[in-house]
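Q: Got a structure for you, questions after.
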Amino acid sequence: MSTLDAVHVAIDLVHVPSRVRRQKSLPLPAGMMVLLRIAAGDERALSEAANAVDRPPALLHNAAAFFIEQILLSPDADSYRVLGAYSDATAGELRRNMALLLKWVHPDANQQSDRSIFAGRVTQAWENVKTPERRAAYDTASRVKNTASRLQRRPDVRRKFKRSASRRRSGLWESERRGLLHRALMVLLNGKSHRRW
């Protein structure tokens, strides 16, 4: 994987915003560090990436900001995703990403933008995973939440099965099945459907 995958994805999302919804369900692309450095105003990262992808620096800066707002700071993003990392990231990587994001949301970084509203999301994500104890508790809570949400989706399947089972017990299913078989037979034999009753 390229260290500029995240930059390419961000540019793609700026040009085709309808892909944001799909991107939210995909794993984070490689090279998030470069994207976060660009967003935080690191001129060296910005110029290197602009030269590598042959795009104007202003586009890269806007693409990085759009990616962070839409993908990392999405309302359903977990704390690792908010920090632009995977759940197996080291504490140092999480801290570095948090610092870059806070630099990006700081009001002095861009006075024309209201990014400071995201500061609470970033700091809360960091609070959830900043120590090994908190991280373990957060991971456990996330697993429980994911299991509960999967179980909540299952009753619909059981309800459909129960409904069809009750139809079979009541005899409705059998009469419907006979009617369908009879019509199919009549079509095959005569070429047209006849109702028996």
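Q: Considering 58, 64, 6, which residue is over 15 Å from residue 84 (Cβ atoms) and either assigned to a helix (DSSP H, G or I) or small (Gly, Ala, Ser) (or both)?
A: When all the criteria are applied, what remains is 58.
Q: Against the definition (assigned to a helix (DSSP H, G or I), without any contact (Cβ under 8 Å) to a residue 60 or more places away in the chain and under 30 Å from residue 149 (Cα atoms)), how does residue 44 come out, yes or no?
A: Against the criterion (assigned to a helix (DSSP H, G or I), without any contact (Cβ under 8 Å) to a residue 60 or more places away in the chain and under 30 Å from residue 149 (Cα atoms)), residue 44 does not qualify.
Conditions tested, residue by residue: (1) modelled with pLDDT of 85 or more; (2) hydrophobic (A, V, I, L, M, F, W, C); (3) not assigned by TED's automatic domain parsing to the domain that holds residue 64.
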residue: 94; (1), (2), (3): yes, yes, no
residue: 103; (1), (2), (3): yes, no, no
residue: 113; (1), (2), (3): no, no, no
residue: 125; (1), (2), (3): yes, yes, no
residue: 136; (1), (2), (3): yes, yes, yes
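Q: Could you grab the pairs with beta carbons closer than 7 Å, sequence gap of 6+ or different chains, first residue in segment 1-23 and closer than 15 Å to residue 58 by Cα, second one part of a loop (DSSP other than H, G, I, E, B)?
A: 7/31; 11/55
Q: Further question on the same structure: Being modelled with pLDDT of 60 or more and in a helix (DSSP H, G or I), is that true of even one residue in segment 152-168?
A: yes
Every residue, every condition in (1) among the hydroxyl-bearing types (Ser, Thr, Tyr); (2) surrounded by fewer than 19 Cβ atoms within 10 Å (Cβ to Cβ); (3) over 30 Å from residue 141 (Cα atoms), yes or no:
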{"position": "12", "(1), (2), (3)": "no, yes, yes"}
{"position": "21", "(1), (2), (3)": "no, yes, no"}
{"position": "66", "(1), (2), (3)": "no, yes, no"}
{"position": "77", "(1), (2), (3)": "no, yes, no"}
{"position": "84", "(1), (2), (3)": "no, no, no"}
{"position": "90", "(1), (2), (3)": "yes, yes, no"}
{"position": "95", "(1), (2), (3)": "no, yes, no"}
{"position": "102", "(1), (2), (3)": "no, yes, no"}
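The values are calculated or read from the model by the stated rules, or taken from the named source; none is laboratory data. This is a predicted model, so every value here is computed, not measured. Don't worry about glycine lacking a Cβ; one is built from the backbone with ideal geometry, like all the others, and counts go over all protein chains shown.
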